[in-house]
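What follows is a set of notes on a single structure, which appears directly below.
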Amino acid sequence: MRAPKRITYRDTRYGFTLRIPSWWRSYCVISKTRTDRDAEYELHFKFKYKGKVYEDIFTVLVYRITKKQWVEEGYEESPLVFMAEMDGRVFAYITPEELPYAFVNKKTGDYDYAKYGQAIRLLKRMVNDEVPVITQSIRFPRKTTTICSKPYRARGVWTPCGCKRR
């Protein structure tokens with residue numbers, strides 16, 4: 001059995017990457033709308049079906065706190081799931097707890113499986129099966145440090161990395 005093809009999403013603000021199944025390309029749009037006032041940054045992966053955009057498949061949230069503060073402030077007991085800590089920030093995600101209200105039949109008050117059955121199956125697969133795998137794929141760019149040597153004896157030594165003399 002072959003592993004499913006994946007595409008890499010690279011976040012422009014924080015530089016992290018997520019590996020997303022390539023078949024999501026047809027069913028997902030990305031939004032960076034901020035709705036949680038405690039979060040520093042939000043990245044919404046929204047469900048799209050037959051040209052209409054519904055609610056989130058999952059959301060990545062960035063908080064300016066450490067993992068220790070995350071635990072002390074009780075976030076571990078919330079629906080948010082810890083993904084990683086980097087540079088004094090916690091990266092977490094959340095998935096919806098219910099299907100979109102748009103899938104409800106107005107007459108019966110129940111989900112309309114006759115009309116939205118395929119969309120419901122896709123969304124459930126994405127949220128329940130794929131999101132846990134995607135969120136475990138988070139990677140951050142490596143920080144590289146370059147070292148410039150200082151000449152001790154000669155004043156006219158060329159420094160290729162552009163370091164200033166002290």
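I need every pair where a residue in the range 64-91 that is on the phi > 0 side of the Ramachandran plot has its Cβ under 7 Å from the Cβ of a residue that is open to solvent by less than 80 Å² (accessible area, probe 1.4 Å), sequence separation at least 6 or different chains. Going by the 7 Å Cβ cut-off, the qualifying pairs are Gly88/Thr66. Here Arg37 meets the list (1) assigned to a loop (DSSP other than H, G, I, E, B); (2) within 20 Å of Val127 (Cα to Cα) almost entirely, failing just condition (2).
The set of residues in the range 61-118 that are aromatic (Phe, Trp, Tyr), open to solvent by less than 50 Å² (accessible area, probe 1.4 Å) and either under 30 Å from Pro141 (Cα atoms) or under 18 Å from the mean Cα position of the chain (by Cα) (or both) comprises Tyr63, Trp70, Tyr75, Phe91, Tyr93.
When Tyr9 is tested against the conditions (1) in contact with an Asp or Glu (Cβ under 7 Å, 6 or more places away or on another chain); (2) farther than 24 Å from Gly117 by Cβ, the lone failure is (1). Every listed requirement among (1) open to solvent by 40 Å² or more (accessible area, probe 1.4 Å); (2) within 16 Å of Thr95 (Cα to Cα) is met by Ser26 save one, (2).
State whether one or more residues within the range 102-110 are among the charged types (D, E, K, R), in a strand (DSSP E or B) and over 15 Å from Tyr27 (Cα atoms).
To start, the set of residues in the range 102-110 that are among the charged types (D, E, K, R) comprises 106-107, 110.
Still in the running and in a strand (DSSP E or B): none.
Within the range 102-110 (the criterion being among the charged types (D, E, K, R), in a strand (DSSP E or B) and over 15 Å from Tyr27 (Cα atoms)), the answer is no, since none of the residues qualifies.
Can you say whether Leu122 is closer than 30 Å to Ala39 by Cα, at pLDDT 95 or above, in contact with a Phe, Trp or Tyr (Cβ under 7 Å, 6 or more places away or on another chain) and not charged (D, E, K, R), as far as the supplied structure shows? Let's see the steps before the verdict.
Values: closer than 30 Å to Ala39 by Cα: yes; at pLDDT 95 or above: yes; in contact with a Phe, Trp or Tyr (Cβ under 7 Å, 6 or more places away or on another chain): yes; not charged (D, E, K, R): yes.
Yes, satisfied.
Just one of the listed residues (Arg13, Arg19) is at negative phi, surrounded by 13 or more Cβ atoms within 10 Å (Cβ to Cβ) and in contact with a strand residue (DSSP E or B) (Cβ under 8 Å, 6 or more places away or on another chain), and it is Arg19. Within the range 37-60, restricting attention to residues that are among the hydrophobic types (A, V, I, L, M, F, W, C) and open to solvent by less than 10 Å² (accessible area, probe 1.4 Å), the residue that is farthest from Tyr93 (Cα to Cα) is Phe47.
The values are calculated or read from the model by the stated rules, or taken from the named source; none is laboratory data. Only a predicted model underlies this, so the values are computations on that prediction, with no experimental measurement involved. Glycine gets a Cβ as well: all are built from the backbone with ideal geometry, and neighbour counts include every protein chain shown. Note: areas computed on protein heavy atoms with side chains; ligands, DNA, RNA excluded. Shrake-Rupley method; radii C 1.70, N 1.55, O 1.52, S 1.80 Å.
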